[in-house]
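For reference, the structure discussed in these notes is given below.
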Amino acid sequence: MNECKYTEPVKGYEIIFKEVETDKVVIPPIERPLSETLIERLVSSIQKLGFIDPIMVVPEEQEGYYEVIDGQHRLEAAKIVGLEKVPAFVLPKELRNYILSFNIEKAPALKEKAIQAYNLFMEKLQQNPDMKEYELEPFIEYPFYITIGFVIERLGDRKFPGSYFERILQKVDEFLDMPLKEAEKERENRARKLEEVKIVLNQKAEELGITMSYEKHKIVSYAFQKLYGKGVRFLGEDFYTVFDNLKQAIQELTPEELGLTQGT
């Protein structure tokens, strides 16, 4: 396949369409975890239809090598099928983090977004520890993704129920005006605070005989509404105060407030 070059019509940067060797495409450290189920489906699709959906890559520092920024599952499926080359769009290096972070097609789950955010944070920390955390805002949709990423990766809680606290975090977590080398400790502290609340939540659920996920989520919602009311947008309190209050409110909830009877 010959290279085909064209100019992107909105921003004017050059894109190259070409074949790349699969063994010369590397995986970025901030890529989301792979789905074995999706890879199996893609293998089946390639065997039936061929490889018709090009991956996106950016040039690596080593000549002839590329980093995949969209299409890791397709790349892995191609390797399983035995393809030595796959079609690819080669984008400018400066688009790398934007494409990785705002891949709308994939619509990754909260856990995956959080892991991506954590890995990007750590990558930038290693590269430039004096970089202000708020400079990550163009690449990470919400700052609480970083905090949940710290819960999952730093604290090792792979089953943390981040969705229970998502709406609250949107109101109280923010990009920090401090260097990454300092923000790292602050993010870990915030992660530990979330873990404290999760422990209290599990204790309350056990006390009430609750086992279903949606019912635990209900406990968090009721406790928050009891504190701040419905539809509140601005809380006027800092991260730690809000979650300390939430922890206390969860402990004090009664079965009657949740529409339960004791032991059900």
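The values are calculated or read from the model by the stated rules, or taken from the named source; none is laboratory data. Since the model is a prediction, treat every value here as computed from it, not as a measurement. Here Cβ is always computed from backbone atoms with ideal geometry, including for glycine, and neighbour counts include all displayed protein chains. For the accessible areas, the whole protein counts, side chains as well, though only heavy atoms, and no ligand, DNA or RNA atoms are used. Shrake-Rupley method; radii C 1.70, N 1.55, O 1.52, S 1.80 Å.
Here are the numbers:
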| item | result |
| --- | --- |
| Top positive-direction residue, dipole computed over the chain with Cβ charges, set Pro129, Pro161, Val43 | Pro161 |
| The chain: antiparallel DSSP beta bridges as a percent of all, rounded to 5 | 75 percent |
| The chain - charge dipole about Cα centre, Lys and Arg +1 at Cβ, Asp and Glu -1, debye rounded to 20 | 720 debye |
| Overall form of the stretch 94-245 per C-alpha gyration tensor (a/c, 1.5; a/b vs b/c) | prolate |
| For Ile69, residues with placed amide H under 5 Å, excluding near neighbours | Met56, Val57, Val58 |
| Cα gyration tensor category, rounded, prolate or oblate, for the stretch 159-235 with a/c compared to 1.5 | oblate |
| Å² per residue, accessible surface of the chain at 1.4 Å | 54 Å² |
| Within the accessible area of the chain (1.4 Å probe), percent carbon and sulfur | 48 percent |
| The stretch 114-138 versus the stretch 140-171: alpha-carbon centroid distance in Å | 15 Å |
| Residue-averaged [θ]222 nm for the chain, counting only DSSP H segments that reach four residues, each worth -39500 (n - 2.57) | -15000 deg cm²/dmol |
| Between 0 and 90°, nearest 10: helix 213-228 axis offset from the chain longest Cα axis | 60 degrees |
| Of Gly71, Gly209, Gly12, the one that fluctuates the most in a GNM where the chain has Cα springs shorter than 10 Å | Gly12 |
| Two-site FRET efficiency, Ile15 against Gln62, from Cβ-Cβ distance with R₀ of 30 Å, rounded to 0.05 | 0.90 |
| For the stretch 120-131, Karplus couplings with θ = phi - 60° (6.51, -1.76, 1.60), whole Hz, Gly/Pro x | 5, 4, 5, 4, 5, 4, 5, 6, 8, x, 8, 5 |
| The stretch 1-87 - charge dipole about Cα centre, Lys and Arg +1 at Cβ, Asp and Glu -1, debye rounded to 20 | 360 debye |
| Unsatisfied cross-links (Cα-Cα over 20 Å) in the set Lys18/Lys85; Lys111/Lys193; Lys193/Lys247; Lys132/Lys181; Lys185/Lys247 | Lys185/Lys247 |
| Relative packing of 38-45, 111-118, which averages over residues the other C-beta atoms within 10 Å, highest first | 111-118, 38-45 |
| Nitroxide proxy distance, nm - points 7 Å out along Cα→Cβ at Tyr6 and Ala109 | 3.6 nm |
| Candidates Phe17, Phe234, Phe224, ranked by Gaussian network fluctuation over the chain, Cα under 10 Å, top entry | Phe234 |
| Phi-based couplings in Hz for the stretch 146-157 (Karplus 6.51, -1.76, 1.60; Gly and Pro marked x) | 5, 4, 5, x, 5, 4, 6, 8, 6, 8, x, 8 |
| Listed values (1) 70, 45, 32; (2) 88, 58, 42; (3) 57, 50, 34, entry calculated as Cα extents along the principal axes in Å | (1) |
| For the stretch 209-224 and the stretch 1-77, distance of Cα centres in Å | 42 Å |
| Residue order for Asp23, Asp70 - accessible surface, 1.4 angstrom probe, largest first | Asp23, Asp70 |
| Among Pro255, Gly231, Thr211 - extreme Cα towards positive end, dipole of the stretch 207-255, charges at beta-carbon | Gly231 |
| Cα-based shape type of the stretch 128-171, given that a ≥ b ≥ c are square roots of the gyration tensor eigenvalues and the cut on a/c is 1.5 | oblate |
| Crossing angle, helix 36-49 versus the chain [Cα axis fit, 0-90 degrees, rounded to tens] | 30 degrees |
| Solvent exposure ordering (accessible area, 1.4 Å, most first) of Arg167, Arg187, Arg154 | Arg167, Arg154, Arg187 |
